[in-house]
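To start, the structure under review is shown below, and the notes come after it.
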Amino acid sequence: ETMIRTTSLLLRGAVSASRGIYSSRTFARHASTLVVAEHDNKTLSPGTLHTICAAQQIGGNISVLVAGKGCEAVAQSASKVKGVSQVLHADHDTYGSHLAEALAPIVIQSQKSTSSTHVLAPASTFGKNLLPRVAAQLDVMQISEIVKITAEDTFVRPIYAGNAVQTVKSKDKIKVITVRTTAFDKAPEGGSASITKVADIPSGDVPEGQVKWVGQEVKESARPDLTAARVVVSGGRGLKSGENFKLLEDLADQLGAAVGASRAAVDAGYVSNELQVGQTGKVVAPEVYIAVGISGAIQHLAGMKDSKVIVAINKDVEAPIFQVADVGLVGDLFTVVPQLTEAVKAEKAKK
């Protein structure tokens, strides 16, 4: 059972302005949290560190479940995160591909063994795939993409592409929550949590053979990950072709930035959908977000409006992107972007 109150929020609203205010504030006396770690069996994802920060605000003991195959290094990394009380390490072939059908039983078993009142995971593809299944099996309502914690049982989450926020108060005994990682700081190192090997590996919750891991295609890039980059350079339909994204790639390389794109650019086939930023793509909050040839549709703003500084380059002075930009440059991107790239290159040469 859940009580919901909805309040309106200006587009760049108080969610980003309040970021970090609650970083040292905790609410629960008897709460305990299980954080489901996202990883690739080698390294802990940055999103997990942000999720642990959210767990710290809830208060109580924090347990981190690391389930995978050959993921000892990930468990060691999790144990060194400040605020973590213990790490549950479940290593088995079943968990190597991180299928929700395989992971849900070990998450539920870990929740019971730790008597956790809250189960958290990043609001990434991993968390969005896994936690709804966990919530259904626990017979509770999932609370999605929280951006603020106001009490042990009360959370804030954006709706309507970020145009409004909901304050959600849950009466469920176990809260299953995905965390919008851009709204919370990254938990630092400095911990020395114990690591407990999980010996009792539960079977998957579907008959063997019904769900089969086929494989994945991973594109390697020398640029930083889009969701973890300090600077992001994104392009829209204004670039007119995929070949013209080379302009943004050159600028990004000079800035040490990641490259993103609007949905319009992805739908037009300019770039692959892994670069999409927005409501139906990735949510980012870098220190600097440079939007090039992007009009500023509400679906795109939902994925980047929490950026610390937004720079917009567009030849249309009436483009909505300028309403949320901290710095706006009206001009032809095919002239402006090469000039900006050369200016950055010249500044770097002076150092």
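The values are calculated or read from the model by the stated rules, or taken from the named source; none is laboratory data. Note that this is a predicted model, so its numbers are computed, not measured. Glycine also receives a Cβ, built like all others from the backbone with ideal geometry; neighbour counts cover every protein chain displayed. Surface accessibility is based on the protein's heavy atoms, side chains included, excluding ligands, DNA and RNA. Shrake-Rupley method; radii C 1.70, N 1.55, O 1.52, S 1.80 Å.
Of all the listed residues (A193, A264), the sole one being within 21 Å of G296 (Cα to Cα) and either without any contact (Cβ under 8 Å) to a residue 40 or more places away in the chain or small (G, A, S) (or both) is A264.
Per the listing A90, A67, A104, A75, the residue uniquely of a type outside the set (V, I, T), in contact with a helix residue (DSSP H, G or I) (Cβ under 9 Å, 6 or more places away or on another chain), crowded, with 22+ Cβ neighbours inside 10 Å and assigned to a helix (DSSP H, G or I) is A104.
Of the residues in the stretch 226-234, none is part of a loop (DSSP other than H, G, I, E, B) and surrounded by fewer than 13 Cβ atoms within 10 Å (Cβ to Cβ).
A quick yes/no check of all residues on (1) open to solvent by 10 Å² or more (accessible area, probe 1.4 Å); (2) polar (S, T, N, Q); (3) in a helix (DSSP H, G or I):
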site: L120; (1), (2), (3): no, no, no
site: G127; (1), (2), (3): no, no, yes
site: P132; (1), (2), (3): yes, no, yes
site: A136; (1), (2), (3): yes, no, yes
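For F334, the requirement of being open to solvent by less than 80 Å² (accessible area, probe 1.4 Å), within 17 Å of G235 (Cβ to Cβ) and in contact (Cβ under 8 Å) with a residue 40 or more places away in the chain is met. Restricting attention to the stretch 161-177, the residues being open to solvent by 10 Å² or more (accessible area, probe 1.4 Å) and either more than 22 Å from T280 (Cα to Cα) or touching a Lys or Arg at 6+ places or on another chain (Cβ under 7 Å) (or both) number 9. The combined condition, being hydroxyl-bearing (S, T, Y), crowded, with 18+ Cβ neighbours inside 10 Å and either in a loop (DSSP other than H, G, I, E, B) or at negative phi (or both), is fulfilled by T182.
Restricted to the stretch 299-328, and to residues there that are over 11 Å from Y289 (Cβ atoms) and open to solvent by less than 80 Å² (accessible area, probe 1.4 Å), the residue that is farthest from the chain's Cα centre (by Cα) is D316.
Of all residues in the stretch 141-157, which are of a type outside the set (F, W, Y), open to solvent by less than 30 Å² (accessible area, probe 1.4 Å) and more than 21 Å from L226 (Cα to Cα)? Within the stretch 141-157, I143, I149, A151, T154, V156 qualify.
Please tell me if K112 is without any contact (Cβ under 8 Å) to a residue 12 or more places away in the chain and surrounded by fewer than 24 Cβ atoms within 10 Å (Cβ to Cβ).
Numbers: without any contact (Cβ under 8 Å) to a residue 12 or more places away in the chain: yes; surrounded by fewer than 24 Cβ atoms within 10 Å (Cβ to Cβ): yes.
Criteria met by K112.
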